[in-house]
Amino acid sequence: MIKLEPEMLNKEVPLGEFTVTADDIREFAEAVGDLNPLYLNAEAARREGYPTVIAPPTFCMHIRGQRLLPEVEVEPGFTTLHAGQEFEYYDEIYAGQTYSAFGKLVEVYEKTGRSGPLGVIVREMAVKDTTGKTVVVLRERQMVRSPEKKI
């Protein structure tokens, strides 16, 4: 069902470096409908003790983009679907700062559900600041199953 080289597990893979701008944060906040002044107004953020605007908590999904990385090969004909996510926050993402993202496969396993066998892929993406300090960790699960089984 899932094809994976064992050495891929827990191997951190660089996903890129990016600089977050106030415009990036504003566009994301407006897109998700969260108009908190801390995301839109530097003066409001400074009044609350931040050096500048901060990103909404789910901004790391914007960093992740549309691809699930590292990729895992799935047998032809099998389907995958999103099976949940969780976030661990250690600091804020600030406008004007540069961050690096790193992905890794944490766990891959198979189990039997109510409608038959399925595979589960667990990935983490860590966002780190320029000092190497982890700012946020996004953990996601992806289910893999045969197309003959209905969910």
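Couple of notes before you dig in:
- Matching residues in region 99-114 - criterion: being part of a strand (DSSP E or B), without any contact (Cβ under 8 Å) to a residue 60 or more places away in the chain and of a type in the set (D, E, K, R): 111
- Residues that are in contact (Cβ under 8 Å) with a residue 12 or more places away in the chain and under 20 Å from residue 89 (Cβ atoms) are absent from region 66-78 altogether.
- Hey, residue 139 modelled with pLDDT under 85, under 29 Å from residue 23 (Cα atoms) and out of contact with any Pro (no Cβ under 9 Å at 6 or more places or on another chain) or not: no
- Only one entry of 52, 79 meets the criterion of being more than 19 Å from the chain's Cα centre (by Cα) and under 21 Å from residue 140 (Cβ atoms), and that entry is 79.
- Qualifying residue in region 35-46 (condition: of a type outside the set (Val, Ile, Thr), touching a residue at least 60 places away in the same chain (Cβ under 8 Å), in a helix (DSSP H, G or I) and crowded, with 18+ Cβ neighbours inside 10 Å): no
- Against the conditions (1) at pLDDT below 90; (2) in contact with a helix residue (DSSP H, G or I) (Cβ under 9 Å, 6 or more places away or on another chain); (3) aliphatic (A, V, I, L, M); (4) farther than 30 Å from residue 146 by Cα, residue 35 satisfies every one except (1).
- Hits in region 73-98 (condition: outside any strand (DSSP E or B) and either exposed (fewer than 14 other Cβ atoms within 10 Å of the Cβ) or not small (Gly, Ala, Ser) (or both)): 75, 76, 77, 78, 90, 91, 92, 93, 96, 97
- Residues of region 99-122 satisfying the condition of being aliphatic (A, V, I, L, M) and surrounded by fewer than 16 Cβ atoms within 10 Å (Cβ to Cβ): 106
- Matching residues, region 1-34, being in a loop (DSSP other than H, G, I, E, B) and not β-branched (Val, Ile, Thr): 1, 4, 5, 10, 11, 12, 33, 34
Every residue, every condition in (1) more than 27 Å from residue 41 (Cα to Cα); (2) at pLDDT below 85; (3) aromatic (Phe, Trp, Tyr), yes or no:
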site	(1), (2), (3)
54	no, no, no
63	no, yes, no
78	yes, yes, yes
94	no, no, yes
116	yes, yes, no
124	yes, no, no
147	yes, yes, no
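The values are calculated or read from the model by the stated rules, or taken from the named source; none is laboratory data. What you see is a predicted model, and the numbers here were worked out from it, not measured in a lab. So basically every Cβ, Gly included, is an ideal-geometry build from the backbone, and we count neighbours across all protein chains shown.
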